[in-house]
Amino acid sequence: MKTIYHAANSRGDANHGWLKSKHTFSFASYHNPERMGFGALRVINDDFVIGGEGFAKHSHRDMEIISIPLSGKLAHGDNIGNQGVIETGEIQVMSAGTGITHSEMNGDANEPVKFLQIWVIPNKASVEPRYQQVRIDEQMKANEFNQVLSPNPDDAGVWIHQDAWFHMGHFDKGVTQTYQLKEANNGVYVFVIEGKVTINGNVLETRDGLGISDTKNFTMDANENARVLLMEVPLY
């Protein structure tokens, strides 16, 4: 097993007043040649947006864009007819394909919203743009890796144009859980949303990340109550 550890305080930092963002990988004005992504996983942005503000209309192409609210609400609008609010406990995906224009605003005038925005490079270009939003919290089982994203429209969670699987879970202190990779040539990027876990001798705390490759499975020990996101992606 190979691992790459990224401490939370080693991430890129952006503070625009209305937006505070931490970048696990190179993004916008943060450029680190050693942090250009993890296989097909290109962006993990840990965003905080104050009440009443947000990302005005802008466009994307040929990217799978996933948003996971951690607290608060996101108001979404796009040029293919989707309008609504994404709440904590839901997951959203846009396949940008040939091009999509959208806005992501704080859905509350006063309370901040915290969310993860994740970009995955697709396995096919110029697809028809699409949007999907699914509630996931009602299906989450405690102390398990619950699937929230896959390549398959009929599976649990949302789907994207890539051989990728995302799992999330809340784990109680003292719990040990093993994850089996879906594809032998994939890797997994572990992002600790909160808490503290140990994987293969690596101790990960809140907002730390760990890239894992060259293994069929790995075991995670929860050192304290923890919330964890696993992103399994092709490594090319």
Filter region 1-57 down to the residues that are among the basic types (Lys, Arg) and in a loop (DSSP other than H, G, I, E, B), then identify the one that is nearest to residue 217 (Cα to Cα).
-> 35
Hey, can you tell me all the residues within region 80-90 that are in a strand (DSSP E or B) and either surrounded by 18 or more Cβ atoms within 10 Å (Cβ to Cβ) or not hydrophobic (A, V, I, L, M, F, W, C) (or both)?
-> 83, 84, 86, 87, 90
Take region 101-120 and flag every residue that is surrounded by fewer than 19 Cβ atoms within 10 Å (Cβ to Cβ), without any contact (Cβ under 8 Å) to a residue 60 or more places away in the chain and either touching a Lys or Arg at 6+ places or on another chain (Cβ under 7 Å) or of a type outside the set (A, V, I, L, M, F, W, C) (or both).
-> 101, 103, 108, 110
Search region 179-236 for residues being over 29 Å from residue 122 (Cβ atoms) and assigned to a loop (DSSP other than H, G, I, E, B), and hand back the single one that is nearest to the chain's Cα centre (by Cα).
-> 206
For region 2-27, pairs from a residue that is free of Cβ contacts under 8 Å to residues at least 60 places away in the same chain to a residue that is of a type in the set (Asp, Glu), with Cβ under 6 Å and 6 or more apart or across chains, are 18/53; 21/47
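Readers should treat all values here as calculations from the given coordinates under stated rules, not as data from a laboratory. Since the model is a prediction, treat every value here as computed from it, not as a measurement. With ideal geometry, Cβ positions are generated from the backbone for all residues, glycine too; neighbour counts draw on all protein chains shown.
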